[in-house]
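Let me begin by presenting the structure, written as structure tokens, before commenting on it.
The values are calculated or read from the model by the stated rules, or taken from the named source; none is laboratory data. Nothing here was measured: the structure is a model prediction, and the numbers come from that model. Every residue, glycine as well, gets a Cβ built from its backbone with ideal geometry; the counts of neighbours run over all protein chains shown.
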Amino acid sequence: MQQLIDRIRKDGVLKPGNVLKVDSFLNHQMDIELINEIGKEFKHRFADLDITKIVTVEASGIGIACIAAQYFHVPVVFAKKAQSVNIDGEVYSTQIQSYTHKRIYDVMISKKFIGPKDKVLIIDDFLANGCALVGLIELVSCAGASVEGIGIVVEKGFQTGGEVIREMGMRLESLAIVERMDVETGEIFFRGE
């Protein structure tokens with residue numbers, strides 16, 4: 001998606017440790033016009049699927065998933081990272097290791113919001129090592145639902161996550177795949193260029 005690639009080049013910030021910050025427009029401050037185009041692109045790429053729910057993980061994926069959901073006309077269910085008093089009843093839970101935060105989270109989805117009849121599209125902002133996606137796939141599978149597709153805004157193609165997910169047989173669509181980043185020069189190289 002060229003509009004996204006151009007924005008990453010313009011406003012993305014490279015940090016040591018293969019960190020690409022896009023917090024000025026994607027996952028802290030959100031450019032809703034851009035995210036609306038991202039939602040349309042996900043609908044275009046997954047138009048052949050009969051999606052009943054969009055699933056993401058708290059917190060950065062929620063805004064993107066919500067904008068995309070308006071084009072699919074389905075609810076968004078997000079995996080919560082902490083048990084709270086407003087989660088009542090039984091939950092599906094697993095652990096996810098965060099690449100960015102360098103910690104392990106217990107994540108959960110209430111059993112009342114996802115079940116065997118659901119056809120799920122998973123959406124998230126980043127794909128690096130794939131741990132978050134593997135955890136979300138596990139939650140969906142525990143519910144007896146099917147993962148029909150996975151939409152990622154930015155994939156780090158030089159890390160193993162995309163390969164891991166594709167080897168699982170998942171349909172994965174990434175809108176921008178970063179092949180290489182040079183912290184010294186600030187250059188970002190994308191697949192297909």
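Some values worked out for this structure:
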{"quantity": "Condition check for Ile109: among the hydrophobic types (A, V, I, L, M, F, W, C), modelled with pLDDT of 90 or more and within 15 Å of the chain's Cα centre (by Cα)", "calculated": "no"}
{"quantity": "Ala143 being of a type in the set (A, V, I, L, M, F, W, C) and farther than 24 Å from Tyr105 by Cβ", "calculated": "no"}
{"quantity": "Subset tally (residues that are assigned to a helix (DSSP H, G or I) and within 13 Å of the chain's Cα centre (by Cα)) for the stretch 150-173", "calculated": "3"}
{"quantity": "Residue in the stretch 141-185 that is surrounded by the most Cβ atoms within 10 Å (Cβ to Cβ), counting only those that are more than 30 Å from Asp118 (Cβ to Cβ) and in contact with a Leu (Cβ under 6 Å, 6 or more places away or on another chain)", "calculated": "Met181"}
{"quantity": "Pair list, Cβ < 8 Å and 6+ apart or interchain, from the stretch 70-95 residues that are more than 16 Å from Asp124 (Cα to Cα) to residues that are of a type in the set (Asp, Glu) and at pLDDT 90 or above", "calculated": "Thr94/Glu138"}
{"quantity": "Members of the stretch 37-61 found to be closer than 13 Å to Gly151 by Cα, in contact (Cβ under 8 Å) with a residue 12 or more places away in the chain and not in a strand (DSSP E or B), listed by number", "calculated": "Ile38, Gly39, Lys40, Glu41, Phe42, Lys43, Arg45, Phe46, Leu49, Ile51, Gly61"}
{"quantity": "Cross-chain or 6+ apart pairs with Cβ under 8 Å, the stretch 146-164 first and at negative phi and modelled with pLDDT under 95, then of a type in the set (Asp, Glu) and in a loop (DSSP other than H, G, I, E, B)", "calculated": "none"}
{"quantity": "Near pairs, Cβ below 6 angstrom, 6+ apart or cross-chain, from the stretch 131-143 (without any contact (Cβ under 8 Å) to a residue 40 or more places away in the chain) to any residue that is not β-branched (Val, Ile, Thr) and not in a helix (DSSP H, G or I)", "calculated": "Cys131/Gln97"}
{"quantity": "Subset of the stretch 15-26 that is within 15 Å of Glu184 (Cα to Cα) and among the hydrophobic types (A, V, I, L, M, F, W, C) - its residue that is modelled with the lowest pLDDT", "calculated": "Val19"}
{"quantity": "Residue match in the stretch 105-126 (condition: touching a Pro at 6+ places or on another chain (Cβ under 9 Å), under 22 Å from Asp48 (Cβ atoms), touching a residue at least 24 places away in the same chain (Cβ under 8 Å) and not in a strand (DSSP E or B))", "calculated": "no"}
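Let's see how each residue does on (1) within 15 Å of the chain's Cα centre (by Cα); (2) among the small types (Gly, Ala, Ser); (3) loosely packed, with under 15 Cβ neighbours inside 10 Å; (4) modelled with pLDDT of 90 or more:
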{"site": "Met1", "(1), (2), (3), (4)": "no, no, no, yes"}
{"site": "Lys10", "(1), (2), (3), (4)": "no, no, yes, yes"}
{"site": "Val13", "(1), (2), (3), (4)": "no, no, yes, yes"}
{"site": "His28", "(1), (2), (3), (4)": "yes, no, yes, yes"}
{"site": "Ile32", "(1), (2), (3), (4)": "no, no, yes, yes"}
{"site": "Phe42", "(1), (2), (3), (4)": "yes, no, no, yes"}
{"site": "Thr52", "(1), (2), (3), (4)": "no, no, no, yes"}
{"site": "Ser60", "(1), (2), (3), (4)": "yes, yes, no, no"}
{"site": "Ala82", "(1), (2), (3), (4)": "no, yes, yes, no"}
